[in-house]
Amino acid sequence: MNIHPDFKIMMDEILGDEFDSFANALNEKPPISIRLNPLKPQNNFNLIQKVPWASHAYYLEEKPIYTLDPYFHAGHYYPQEASSMVIESIVKQLPLPPSPNILDACAAPGGKSTHLSSLFPLTSLIHSHEFNSHRSEILRQNIEKWAYPNCLVSYGPLQNLLKSGVKYDLILIDAPCSGEGMFRKEKEASTQWNRKKIEGCVSMQKEILKSMADLLADGGFIIYSTCTFNKLENEDRISNFISDGNFESIKITEIDGIDLISSHENNVHVYKSFPHRNKGEGFSFSILKKHGNKPDKEHHTKAWAHKKDLPLKGSEFLDLPFDSSTIIHQSTPSIIPSHLEDSILKIYESGLRIRHIGIPLGHYKGKDWFPAHGLSQSPFLNSNLTFVNLEKNVALDYLRANQYLLPEANSEQVWQIARFEEANLGWLKQINGKFKNYLPKEIRIHSL
């Protein structure tokens, strides 16, 4: 790999005599890693080597064709770069309340949001936000199939988040960056690297940190991370942000299994994972604490126009392990944990553009009811449904939205679930003993 002279100068300052080892690592084959969904962890991998710093996370010997794995489409695992999974070990060191409000501010495509959802109880709000509309749709699809009922996906300018008045106990900012930590995995990142790109990223990072400051509850934490190494986008950003005295950069204790390079100048604490030290790509992070005593959470006056009580069509297919409420989003009732009702209604009524809330049930078109795809992905489906077991070739045909290989219906139930082994793929509609494929267009297999 050709290394830009300016990049070498920056890395020499950080790595010293480790630079050659780092440069050699950039020419090695990138490791492949996945993280299992704790609510539906079944898969067909031979999982042997764990990622030491994250639970439910494993290395794979070879990169599979995820598109041809029904378990991938059903959200049983998420392909994620291993170093970034250190977020789990960071979070476990923070003194957060039992059911914190959590915001992932730059969330697409969803790796860290899905990870955060698996670390907290279902009574915690996991709010995933993405500025870009197109990327937010990809985020929605990943959150929907991960299928945690306490998740909300929104999009648009970050400043719009301030309208709801909701405060967060933890905010994750995985900031847009120059991508130095991805040089090995994404070759174009190294060819596109230059100081001008860093300057553009620095400008965005400043604005994002500034926007997030007012969203954080007193005593709350920001995890600021990048997949880049240089000090301009890490140490300098944190130093600039805490200079007004409202935040402090805090230390963490050593994390088992990962060998980090840390810097601690002028009370700015930054931690970096390099590919020559750890089995993963590059990742840098800092933890910021907001000064002040955390007040009691505000309560919101319920807006009953968007609130409905169960039972509702589709809810009979669920056995929920939590007390639930229902909110109407785009004419579709969605089930949420009751504990989150006030916060979610407050966000909803702020005018923030919402992509996804909780477990969507379905909608009526005339007198006919159509179930939401998100309902088919829920891990809380019960035996009131009929599941149609498909062989793998038929399952893949279903995921291509074909219906030619589908079996005859053995149940008179109108709506049934297409399933491969333990993976629920989506809805089938039974009409006179024949099935019609109702997999949404946007998530079908179109090509390899």
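The values are calculated or read from the model by the stated rules, or taken from the named source; none is laboratory data. Predicted model only: the values in this text are computed from it and were never measured. Cβ placement follows ideal geometry from the backbone for every residue including glycine, while neighbour counts extend to all protein chains displayed. What goes into the accessible areas is simple: the full protein's heavy atoms, side chains included, and nothing from ligands, DNA or RNA. Shrake-Rupley method; radii C 1.70, N 1.55, O 1.52, S 1.80 Å.
Here are some notes:
- Apportionment of accessible area to carbon and sulfur, region 146-213, percent (1.4 Å): 52 percent
- In the context of the full protein assembly, LEU122 retains an accessible surface of approximately 40 Å², using a probe radius of 1.4 Å and ignoring ligands and nucleic acids.
- Taking the average, over residues, of other Cβ atoms within 10 Å as the packing measure, peptides 373-381, 196-204, 183-191, 406-414 rank 373-381, 183-191, 196-204, 406-414 from highest down.
- Applying 1/(1 + (r/R0)^6) with r as the Cβ-Cβ distance of TYR364 and LYS210 and R0 = 45 angstrom yields a FRET efficiency of 0.55.
- Principal-axis tilt of helix 5-15 within the chain, Cα atoms, nearest 10 degrees: 90 degrees
- For the peptides 422-430, 103-111, residues were scored by their other Cβ atoms within 10 Å and the scores averaged per peptide; the highest-first order is 103-111, 422-430.
- Extension gain, PHE387-GLU349: 0.36 nm per intervening residue step, less the Cα-Cα distance, totals 10.0 nm.
- Within the listed set LEU232, LEU288, LEU36, the Gaussian network model of the chain (springs between alpha-carbon atoms below 10 Å) gives the highest mean-square fluctuation for LEU232.
- Lys/Arg +1, Asp/Glu -1 at C-beta; region 117-243 dipole; positive extreme among SER136, SER124, GLY220: SER136
- Solvent exposure of the chain as accessible area per residue, Å², 1.4 Å probe: 44 Å²
- Computed magnitude of the charge dipole of the chain (debye, nearest 20; Cβ of K, R +1, Cβ of D, E -1): 1300 debye
- Residue of PRO95, PRO275, PRO30 that the Gaussian network model of the chain assigns the largest fluctuation, springs spanning Cα pairs under 10 Å: PRO95
- Cut-off 10 Å between beta-carbons: net charge of the residues surrounding GLU137, Lys and Arg +1, Asp and Glu -1: +1
- Rounded to the nearest 0.05, the FRET efficiency derived from the C-beta distance between ILE32 and ASN293 at R0 = 35 Å is 0.20.
- Prolate/oblate/rounded call for the chain, Cα gyration tensor, a/c under 1.5 rounded: oblate
- Cut-off 16 Å, label 7 Å out along Cα→Cβ of MET1, residues of region 23-52 by amide N: 23-32
- Of the solvent-accessible surface of region 23-122, computed with a 1.4 Å probe over protein heavy atoms with every protein chain present, carbon and sulfur atoms account for 54 percent.
- Gap separating the Cα centres of region 337-391 and region 81-132, nearest whole Å: 21 Å
- Fully extending the segment from ILE445 to LEU405, taken as 0.36 nm per residue of separation minus the present Cα-Cα distance, adds 12.8 nm.
- Segment PHE380..ILE250, full-extension length gain: 42.9 nm, with 0.36 nm per residue of separation and the alpha-carbon distance subtracted.
- What a 1.4 Å probe finds exposed on region 311-415 is 45% carbon and sulfur by accessible area, rounded to a whole percent.
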